Amino acid sequence: MKSVDVVRGRERLRGGLTPLRRQVLEALREPGSAATLAPVLGETRQRINYHLRELEKAGLVELVEERPRRGFTERVVKATARAVLVEPDVVGDLQTATQDRFASDMLIAAAARTVTHVAEMRENAQAAGRRLVTFAIEADVAFETPADIERFANELADRIAELAKKYDTPAARRRFRVIAGGHPAPRPQETP
């Protein structure tokens with residue numbers, strides 16, 4: 001099972017991820033069938049079966065086994081990933097984002113393009129039987145003033161430019177895109 005599946009292409013979202021389909025996917029972290037999910041979700045077996053078929057067509061669930069039951073075949077399926085993201089380009093145009101490095105639209109568009117590009121390259125690598133080499137760096141930093149944020153961003157940009165100049169080999173085959181951004185850190189949720 002993948003950790004994250006990125007839905008690429010409108011055809012995979014044909015029926016959308018309705019609240020019921022999201023509940024079905026959540027329940028299918030462990031294998032299940034329409035017969036086992038219906039009572040848990042308070043729905044009919046027929047309705048759950050319809051949604052399972054649509055999720056299977058979209059590649060979000062996969063068949064685990066078929067079991068003969070009293071007059072029918074029970075299809076046991078499971079979710080193909082622990083989480084599902086929708087590729088941002090499916091419903092929009094990321095090229096219209098502003099170029100102001102302090103604008104939230106710029107950060108969202110850069111993150112969205114990263115999702116799109118990495119998902120496509122991961123699929124291509126898997127199809128070729130290879131591993132996609134990536135790296136990620138994440139840190140929380142507490143700033144005293146807004147001016148500190150700007151100074152930090154400028155310093156970070158300068159250091160990334162220095163490192164890029166130092167390591168960039170134009171003729172090399174292994175080109176990487178490095179993206180750095182910052183946003184307010186979410187507050188930890190308090191446990192009751």
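Quick notes
- Test result for A83, under 25 Å from the mean Cα position of the chain (by Cα), of a type outside the set (S, T, N, Q) and either in a helix (DSSP H, G or I) or modelled with pLDDT of 95 or more (or both): no
- Residue-level check: of (1) without any contact (Cβ under 8 Å) to a residue 60 or more places away in the chain; (2) crowded, with 16+ Cβ neighbours inside 10 Å; (3) under 30 Å from A111 (Cβ atoms), A81 misses just (1).
- Taking the range 45-73 as the range and being closer than 23 Å to S3 by Cβ and among the aliphatic types (A, V, I, L, M) as the test, the residues that pass are L52, L55, A58, L60, V61, L63, V64.
- Within this structure, E65 passes the test of being of a type outside the set (G, A, S) and surrounded by fewer than 15 Cβ atoms within 10 Å (Cβ to Cβ).
- Scanning the range 36-45 finds one or more residues that are over 20 Å from L17 (Cβ atoms), surrounded by 13 or more Cβ atoms within 10 Å (Cβ to Cβ) and among the hydroxyl-bearing types (S, T, Y).
- Scanning the range 19-35 for residues that are surrounded by fewer than 17 Cβ atoms within 10 Å (Cβ to Cβ) and assigned to a helix (DSSP H, G or I) gives P19, L20, R22, E26, A27, A35.
The values are calculated or read from the model by the stated rules, or taken from the named source; none is laboratory data. Treat the numbers as computed from the prediction; the structure is a model and nothing was measured. For neighbour counting, all protein chains shown are included, and Cβ atoms are generated from backbone atoms with ideal geometry for every residue, glycine included.
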